[in-house]
1. Loop only per DSSP, at most 10 neighbouring Cβ atoms within 10 Å: give me the GluC sites (Glu not before Pro) in segment 1-95, ordered by residue number.
2. So how many Å³ per residue does the convex hull of the Cα atoms of segment 1-44 work out to?
3. Output wanted: per-residue J couplings in Hz (rounded whole) for segment 192-198, from phi through Karplus 6.51 cos²θ - 1.76 cosθ + 1.60, θ = phi - 60°, x for Gly and Pro.
4. Take Asn203 and Thr2, extend 7 Å from each Cα along the Cα→Cβ direction, and tell me the distance between the two endpoints in nm.
5. Counting only trypsin sites (Lys or Arg not before Pro) that sit in a DSSP loop (anything but H, G, I, E, B) with at most 14 other Cβ atoms within 10 Å, what is the longest stretch of the chain containing none of them?
6. Enumerate the amide H contacts of Ile96 below 5 Å, restricted to partners 5 or more residues apart or on another chain; note that Pro and chain-start residues carry no placed amide H.
7. With 10 angstrom as the radius, rank Thr230, Thr217 by how many other C-beta atoms surround their C-beta, starting from the fewest.
8. Go ahead and run the numbers for FRET between Glu151 and Asn231, Cβ-Cβ distance against an R0 of 35 Å, rounding to 0.05.
Amino acid sequence: MTKNILPIAVFDSGVGGVSVLMELVNMMPHENFIYFGDTANAPYGIKSACCVRELTFSVYEKLKAGGIKAFVIACNTATSVAVAALREKYPEDIIIGIEPALKPAVKCCERPTVAVLATPLTLKEEKFSLLLQRFEDDARVIPFACPGLVEFVERGEVEGERLHAFLDELLAPLKKEELDAVVLGCTHYPFVKSEISSVIGENVQIFDGSVGTALNTRRRLEENNLLNDTNEKGRVIFIDSSYPNEENTSKSMLVKFGGEYLCS
């Protein structure tokens, strides 16, 4: 098997990374993908950094052994705590991380006020602190932890009165701010983007890092001459760690998020 037709692995703690997978498939429809959702250990955002690092390494090494050409960490929390260590241990491998889309948010207007919604662990990590430092002179940035929001998405509860009430209470402090933009710093959050917008105000721009991550992945594959040159539509395999012996076990969950078309 030539390396070009090997799959791209996309990894998240659960179903949130499907928001990144959809951008990858749209951008590279001829590529093969393996989506690994570690639902057995979700959510990651409330775990220790050491635990998340160990889980990420375990998944990567398992998928690497099976044959992949790139590893996309479609999880802000896992990227924050593990991507640097993975790249250090496997310097020859293509390992892509995701980070909050703060750069485009800061450029939305002159000296904007930007809230970054993320998991508690993402906001604690040095990687996020360094990101903030890059833009501290260009914008007023408000880091805002959202404990409990990932669990709504994992349940497939991406709209409705209960979610709206939860967000209304959670985001109450932000409604007092004159926000110009909100950055969705967790790949689960795009699935509740409309509900977030209805709470904070539809005039507030919302950004996430999915497109940037997909562009970076394609660029890295091009640089290494690893794009799949077939004209056939690629295949997507879903693996759910809660059901490790059943291929495509995530299919029923993904249908809830508009991902049905991804299934081969």
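Coordinate-derived values only; no laboratory data. Values in this document were obtained by computation on a predicted structure and should not be read as measured data. Cβ sites come from the backbone with ideal geometry, for glycine too, and all protein chains shown count toward neighbours.
1. On the way: sites: Glu23, Glu31, Glu54, Glu61, Glu88, Glu92; in loops: Glu31, Glu92.
Of the GluC sites (Glu not before Pro), the ones in loops of segment 1-95 whose Cβ has at most 10 other Cβ atoms within 10 Å are Glu92.
2. Details: hull volume 2.9 nm³, N = 44.
Roughly 66 Å³ of hull volume per residue.
3. 10, 4, 5, 5, 4, 4, 5
4. So the two model labels end up 5.5 nm from each other.
5. On the way: sites that count: Lys107, Arg155, Lys176, Lys233, Arg235.
Looking at the chain, 1-106 is the longest stretch - no exposed trypsin sites (Lys or Arg not before Pro) with at most 14 other Cβ atoms within 10 Å.
6. Those qualifying (amide H under 5 Å, at least 5 residues apart or on another chain) are Phe71, Val72, Ile73.
7. Values: Thr230 12, Thr217 23.
Fewest-to-most Cβ neighbours within 10 Å comes out as Thr230, Thr217.
8. Working: r = 41 Å, r/R0 = 1.18.
It comes to 0.25.
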